[in-house]
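What follows is calculated from the coordinates using simple rules that are stated; it is not laboratory data. Please read all numbers here as calculations on a predicted model, not as lab measurements. So basically every Cβ, Gly included, is an ideal-geometry build from the backbone, and we count neighbours across all protein chains shown.
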Amino acid sequence: MEKNCICLCLKRNSQDATKYNIVVAALDENVLDFVVDILSNPPENEKYNTLKKALLNRLTDTEESRLKKLLTDLELGDKSPSDLLSQMKSLAGNSISDEIIKSLWLQRLPQQTQAILTISNDTLDKIAEMADKIIAVYSSSEICQVTKVGSLPNSASSFDRNKLDVLQADIAALTKKFDEFSRNTRSRSKSRGNDRQRRSRSNSGSIRILLDDAQHISHLRQVFQRLQDAGLVIKVAKCKFSQTEVNFLGHRISFNGIEPTKERIKVIEDFKLPETIKELRRFLGIINFYHRFIPNAAENQAILNEYLRRKKKNDNNKIPWTEEA
């Protein structure tokens, strides 16, 4: 009611000084600090417009500040997931797609909740409702006292001790199985695996075998955080997540390792017999791109490389093929 009266007074008064005084009288004490410079030394003309512009510029979030809040400042805290989503949508406006908002929103949720919601294909609002229910279930679960291992309180029941013993045994068994699997994997294909192992050791420590969905999402969040810290932007439409295998730069990457794609293999298989030195160079260039996947590649190509000795790059002379070649 008070705001409506102020707006009505401003419309009825055309005098600059009168409108200025009405606004000043209606300002809250917390707001006065933002325009104290104008109030202490108002301009002779355009007082109202000057005060109005200052209030809008100093109290309204810029697009940059809204985006900063959306990317870094907002956290779940005591809010429900749906309330957090509403706040993020309000900050994003129409400038950011729902897919990006969904990705940023999921990053703010607990890992176990992320793992469940990532596989859902429902609308964003439906997923938010589901998140509220999941958080409610986890929040209502029993909160246990954290104590040193092996020093349970005297009041702890034998049932609690048994549960802890079983849990520790399960963890030990899983750790042993994981170590055995890792050793077996490293022992296979040593002739081709050594190079890959050397390369893998230089990669991020987050790359492991048998990662679950929650760990995978956690590592994605770390990657996104590093991109954000570096000021880099990715195009979500070109990204693929939770894939069992991907084709990248002519290679097929899966849980079995890295190998050439079927299309590239077919190109090599269908390559016609080179007739000139120039065509042979082209063929060997294709082969050399995948030499790490060919057993004894250097030895088998030695005969072909002999044809290139002391030859010009674009030599179109015919190759006198031998039975051995």
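General observations
- Nonlocal amide H pairs with H251, under 5 Å, H built at 1.01 Å: T261
- The 3J(HN,Hα) values that the Karplus relation (6.51, -1.76, 1.60; θ = phi - 60°) gives for region 280-288 are, in residue order, 5, 4, 5, 5, 5, x, 5, 4, 5 Hz. Gly and Pro appear as x.
- Karplus 3J(HN,Hα) series, Hz, for region 120-125 with 6.51 cos²θ - 1.76 cosθ + 1.60 (x for Gly, Pro): 7, 9, 6, 5, 5, 5
- Exposure proxy order (Cβ contacts within 10 Å, fewest to most) of S242, S82: S242, S82
- Sorted peptide list for 107-118, 293-304, 42-53, criterion being average Cβ within 10 angstrom, highest first: 107-118, 42-53, 293-304
- When W321, W105 are sorted by how many other C-beta atoms sit within 10 angstrom of their C-beta, beginning with the fewest, the order is W321, W105.
- By the count of other C-beta atoms within 10 Å, a proxy for reagent exposure, K313, K266 are ordered fewest to most as K313, K266.
- For the residue pairs K133/K176; K235/K266; K53/K79; K262/K313; K102/K133, the C-alpha atoms sit more than 28 angstrom apart in K133/K176; K235/K266; K53/K79; K262/K313.
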